[in-house]
Structure formats: structure tokens, C-alpha cells
Amino acid sequence: MKTRTNIVALATALLVAGCATQAPGFNYTVPAQPEGASGYTEKPGWATRKFAVAAANPLATDAGYQILKAGGSAIDAAIAVQMVLALVEPQSSGIGGGAFLLHYNGKDVEAFDGRETAPAAADEKLFLLPDGKPMAFYDGVVGGRSVGVPGAVRMLEMAHRQYGKLPWSTLFQPAITLAEGGFKVSARLNTLVTADAHLKKDPVAAAYFFKSDGAPRDVGVSLRNPAFAEVLRKIAAEGSRGLHEGEVAQAIVAKVQGHPTNPGKMTLADLANYQPKKRVPICHDYKASGHDYRICGMPPPSSGAIAVGQILGILNNTNAATLPLADGVASPAGKVPSAEWLHLYTEAARLAFADRAQYLGDPDFVQPPSGNWMSLLDPGYLAQRARMIGAQSMRLARPGTPGATQVSYAPMPDQPEYGTSHISIVDDAGNAIAMTTTIEDQFGARQMVGKAGVSGGFLLNNELTDFSFAPTDAEGKPVANRVQPGKRPRSSMAPTLVFDKGSGQLVMSGGSPGGALIIHYTAKTLYGTLNWGMNAQQAINLPNFGSNNGPTLLEERRFPSATAEALRARGHEVREQNMTSGLQAIQKTPSGYFGGADPRREGVVLGD
């Protein structure tokens, strides 16, 4: 049964006009455009029978839905979703950024790496001041210096060559139509534009996101982006060469190198030479509630799968699974993790984040401990790490020594991570994707590539600030995640596919935006579904929590005051703060699928 709710209803009379040539059987129709909230909006979860699409904006979800209805694959739908997200959620992802894609073809899991790379002229001094000290974070972010060579489009092209069913050009029709005809500014986009201190410093971005009086575009106003539509037409016609070569590539390089105060080092050769990679996914066994699962995620340069796997594995060596949920606050109602369970979780997280800072980096530049990344997920090693958890918080964990590791790197100092969007899709053949996509910080480097006399354009990433600003420690020992030419920066993105170990059948696709907190948001959802028997929506709705090997973080106004007090009694430094996840997840059910979308953002799930 069709499950499109009144959140996103098809507009029956709005057929495409003036877009690329239609593929047989596909006529994109513009859906009714809701004005999504940017606070917390309860969502029901969505049951479907044949297929499902979960994305961070209703227009993007709908684009994927229409592609699947037209016979497209999960990969086809992901491309259409990404292009619409680039238009309607420009603060989070787009063609100027990168992505990690996990794909299940009914038999095997494959990992597609579209992470950005450092320009060939970049070196480990990229974010150092003349006195040798690291520059302030946003001094590095804003401008051309932080822009990595984008990889999302070329990676999606690689995946489409292998798994696409509809023509490449067809997949751009929804985004082109919306860019030319206009989309309604959502409350979330308006809120983020209003709060951003740097966006209007760029003339192209200022003209697009702001009115002539300097105020942000109003909620509900139709915003057109013809310059972006032109670029999408080139990519639709020429493939990734339409972005990585020719006039668009020249515009990107001019923008990066021409910043008046903070220029970058990207060249036309960097763009032309970028290559996505297929990597072996990180898969590990996990037992929950007496059932055996296989959890798969992205390998390095992502740290997400390893950190999530370490946290879950360490918890399985404690009594966490025996601890009941506690009563939550009145609104939103429901059960929440107890203080005792949160103590165990955040201690496990500290241990995982200590290893992350010590060992994780681009595998083309960084050797894994003991010669294998799986050494960090070895059951014996995780049991050893779990024995470090006591009744009181360790506050700051030290990295471990998996196997016969000889430590040759210095731990990376903590620094901010932001941004990102997540897409989960299962098509009617049972093929599944989990893709996390990003331009890093909110609105990336705040550099919009446009065209003279044409409104709009697309934003460039600031992904290079995911490298360590400090290349060495005080003794001169190098940081694994330091800047090097052609290197991919370490990421926290954690697209995840879960399988039943015995049958090999898909159980769930999920993931989230949220910088380093992606790891906690994803781990929470996995634990809620696999250990506590929740459906995807219930697990997503759980309050957020975590520790990045520092303070214990609790989502503000979501836990009883007694929870924070109990944690402080165990020695935790507790901070209650906004933790805006953007989780999407799709579960396999006996009758089809059940999808959940984060109430903290504007996403929905659609399917038949």
C-alpha cells in the first residue's frame, strides 16, 4: 500500500517543464512542499511492503521514491536524493563535498569511498601560523584553504556504472526541476542561515541566501537556483567530467585560489585526477538478546565503523545488557537509558575515542595497528579494554595496544567536527544502501561557486579541517591524521548495514549526521533496535548521549535531573547540551520494511 503521508503528497498536475529529456516511464512530479520544523517534531515511523527511502528532507525522500517507482535501483535513488539534498539542504552536503556509500547487492557488501582529498600542493603546515602554532578553527574553515577535492559525484558515478538501472541523466531531473522552478525555504534552512556568522561574507552566497536588506530569505518563500540547475545539466550530460573538468572546474579553482584573505591550493589537475575507491568494508559479529548479527560499516579513512564496533563490543563485556531502561521526562514521554548504563556506555566510548585519536587515518598513508584494522575489534582486545571500566569514571582514557602494535603516532588533539546528511534506501529487489554525505561544517567553507549574472550556485566543503591542525606532538612525533598531499582526512561518518549472521539476510540500514557525535547516534540506534527490541523510530527517538573522551554529554531536557546527578556522583563531568542528530534507518520486517526519521530534523520515509 502506498505510504506517502500528508507530509509529502504528490501534486497531481505539476508535470515537469523545461528539464532534461525524460526517460521512458519516468515523469518527475513536484510534490507539495511542507515547511519543515527545525526543533523536535514527533514522527510515527513508516511501514512499507516493497521498498523504502529515508532522507533528511521530504523533497529529497520524494525524489528517491519516484525513481524507485520508475524501476530504478537503490543506487539510482541515492543519486537523485543526493542532488535534491544539495539544493534544499545545502548546509549539509552536495556536489562540492564527499560521501561514503555502503551497498548490499543481495549477496555482498561493498564500500564506495568518495571522501575528499588534500590538494597535491598541500602539506602538514597547511593550518599552522608563521610561529608554528595551529590557527583558530574558523580561521582555517572560512575561505579556500579548507576546501578538499570533492568526491561525491565521481563516487556515485562509479556506483551507477555497476548498479544503475535508469539512465544517469534521468536521475538529475528532480533536482533540475526544483532548482529551476523553486523550492520553499524550510524553517530549518532559515534558522541555520540566520545563525551563521560567515555565510554572507561570500558575495555569491549572500545574494542567494539573503534578501537585499541583509535578512535571510523567509520561511516558505520559493527559492530558485538556476546556476545550480546549469551545473546539474552539465553533470547529467557529461558525467562527473562536467564537474571535475571544463568551465565548472575552472570556477571551483578560481573560487578556492582567489579568496582575498584565505586562499587554497587546489588546481585543475587535482580535480581532474580525483579517483573514488572501492574498499573492503569493516564487518564484525555482534550478539544481542541471544541473537547473532553481522554489522558492516566503512573502513578508514572513516573511523565510524571501528569506533561503533569497539563501543558495542566493550559493552558486551560488561553487565550493560542486564540493565533496564529508566523512566524519562514527561515530554517527550518514554523510557531512557539509566545512569548506570550511561556510565558503562560513556566509559566504553572514552576507550574507543582514545584509540581513534591514536590510530585512525587514511589507509593509503597510515599503517593499521598490528597490520590489520580488525585488530581494534579483536574480541580479546575489547575484553581487555572493558576491564578498565570501574565504578568511577576514568574521565580521560588512554589508547590501548592491540596485538603486537608498536605505537609510531601521536594522538590527535581534539578539534571540532560538524555537518553531514544520511540516506538509507532499500529497493524492490532487496538491494540496500547506507550513504553518509557531507560538506563538513554548516555551509562548508562558506564559498559558493556561481556564475556571473545567474542566481545561486553550489557550496564548497571545508573537509580539510578534519585533518589535525597540529601535525606533530610536542616531541615531534607525527599525528596519523595530519595533512599530506592527496590524503583523505579522517571521518566519523558511519553508514551501517546490519545482517542476520545465520541467514545473511538484511536487518537494517542506518546512519546519521553530527560530526564526531555520529558515532554515538549510530551506536544508540543499533543498541536500541538490537538490544532493547525497539523499532527504528523508537530507537531514533531515544535521547542522545555520549563522550568523545572528555565530558559526558546528555541531550538537554531529555533526561531526569537525577540521571546527571548520579553520573556526577560517579566522577563524570556532565554537560547537558543540544545534540541534533539526523538519524535515518530502515528495518526489514516480516511484511516488508519499517523506516524511522529523526524528530530533530525534517526528514521522512516513503515507500510502497
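The values are calculated or read from the model by the stated rules, or taken from the named source; none is laboratory data. Every value quoted in this text rests on a predicted model; they were computed, and no experiment measured them. In this analysis, Cβ positions are derived from the backbone assuming ideal geometry, glycine residues included, and neighbour counts consider all displayed protein chains.
Which one of these is farther than 19 Å from A136 by Cα and assigned to a loop (DSSP other than H, G, I, E, B): A429, A445? Don't jump to the end; show me each part of the working.
On the way: A445 fails: farther than 19 Å from A136 by Cα.
Just one listed residue meets the conditions, A429.
One residue is enough: does segment 153-173 have a residue meeting the conditions touching a Lys or Arg at 6+ places or on another chain (Cβ under 8 Å) and farther than 30 Å from S303 by Cα?
Keep residues of segment 153-173 that are touching a Lys or Arg at 6+ places or on another chain (Cβ under 8 Å), which gives 158, 172.
From what's left, farther than 30 Å from S303 by Cα: 172.
Taking every residue of segment 153-173 in turn, at least one turns out to be touching a Lys or Arg at 6+ places or on another chain (Cβ under 8 Å) and farther than 30 Å from S303 by Cα.
Quick one: in segment 92-151, which of the residues that are in contact with a Leu (Cβ under 8 Å, 6 or more places away or on another chain) and of a type in the set (V, I, T) is farthest from Q162 (Cα to Cα)?
Filtering first and then ranking leaves V147.
Going through segment 28-55 one residue at a time, which ones are in a loop (DSSP other than H, G, I, E, B), crowded, with 21+ Cβ neighbours inside 10 Å and modelled with pLDDT of 95 or more?
F51
Looking for something under 23 Å from the mean Cα position of the chain (by Cα), modelled with pLDDT of 95 or more, of a type in the set (A, V, I, L, M) and more than 30 Å from Q484 (Cα to Cα) - is there at least one such residue anywhere in segment 232-239?
Within segment 232-239, one or more residues are under 23 Å from the mean Cα position of the chain (by Cα), modelled with pLDDT of 95 or more, of a type in the set (A, V, I, L, M) and more than 30 Å from Q484 (Cα to Cα).
Among (1) touching a Lys or Arg at 6+ places or on another chain (Cβ under 9 Å); (2) without any contact (Cβ under 8 Å) to a residue 40 or more places away in the chain; (3) surrounded by fewer than 21 Cβ atoms within 10 Å (Cβ to Cβ), where does K501 come up short?
(2)
Among D139, D108, D113, which is surrounded by fewer than 24 Cβ atoms within 10 Å (Cβ to Cβ) and under 30 Å from Q484 (Cβ atoms)?
Details: D108 fails: under 30 Å from Q484 (Cβ atoms); D113 fails: surrounded by fewer than 24 Cβ atoms within 10 Å (Cβ to Cβ).
Of D139, D108, D113, the one residue that is surrounded by fewer than 24 Cβ atoms within 10 Å (Cβ to Cβ) and under 30 Å from Q484 (Cβ atoms) is D139.
Can you give me the number of residues within segment 452-467 that are crowded, with 24+ Cβ neighbours inside 10 Å and either of a type in the set (G, A, S) or part of a helix (DSSP H, G or I) (or both)? Spell out the reasoning first.
Of the residues in segment 452-467, the ones crowded, with 24+ Cβ neighbours inside 10 Å are 456-467.
Then keep just the ones that are either of a type in the set (G, A, S) or part of a helix (DSSP H, G or I) (or both); that gives 456-457, 463-466.
Counting residues in segment 452-467 that are crowded, with 24+ Cβ neighbours inside 10 Å and either of a type in the set (G, A, S) or part of a helix (DSSP H, G or I) (or both) gives 6.
Among the residues of segment 56-77, which ones are surrounded by 24 or more Cβ atoms within 10 Å (Cβ to Cβ) and assigned to a loop (DSSP other than H, G, I, E, B)?
Across segment 56-77, the qualifying residues are A56, N57, G72, S73.
Just name the residue that is surrounded by the most Cβ atoms within 10 Å (Cβ to Cβ) out of those in segment 575-593 that are within 21 Å of the chain's Cα centre (by Cα) and not aliphatic (A, V, I, L, M).
Of everything passing the filter in segment 575-593, Q584 is surrounded by the most Cβ atoms within 10 Å (Cβ to Cβ).
For segment 294-327, name all the residues that are surrounded by fewer than 24 Cβ atoms within 10 Å (Cβ to Cβ), touching a Lys or Arg at 6+ places or on another chain (Cβ under 6 Å) and either closer than 28 Å to V366 by Cβ or among the small types (G, A, S) (or both).
Residues satisfying the conditions are R294, P299.
Of everything in segment 60-78, what is in contact with a Phe, Trp or Tyr (Cβ under 6 Å, 6 or more places away or on another chain) and of a type outside the set (S, T, N, Q)? Give them in sequence order.
Result: L68, A70, I75.
Every residue, every condition in (1) buried (at least 22 other Cβ atoms within 10 Å of the Cβ); (2) within 30 Å of Q257 (Cβ to Cβ); (3) among the basic types (K, R), yes or no:
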site: A159; (1), (2), (3): yes, no, no
site: G164; (1), (2), (3): no, no, no
site: V204; (1), (2), (3): no, yes, no
site: F210; (1), (2), (3): no, yes, no
site: G214; (1), (2), (3): no, yes, no
site: A229; (1), (2), (3): yes, yes, no
site: K234; (1), (2), (3): no, yes, yes
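I'd like the residue in segment 419-435 that is buried (at least 24 other Cβ atoms within 10 Å of the Cβ) and over 17 Å from V605 (Cβ atoms) and, out of all such residues, is modelled with the lowest pLDDT.
Filtering first and then ranking leaves G419.
Among the residues of segment 174-205, how many are under 30 Å from G106 (Cβ atoms) and either touching a Ser or Thr at 6+ places or on another chain (Cβ under 9 Å) or in a loop (DSSP other than H, G, I, E, B) (or both)? Give the steps one after another, and end with the answer.
Filtering segment 174-205 down to residues under 30 Å from G106 (Cβ atoms) leaves 174-175.
Right, trim to either touching a Ser or Thr at 6+ places or on another chain (Cβ under 9 Å) or in a loop (DSSP other than H, G, I, E, B) (or both) and you get none.
The total comes to 0.
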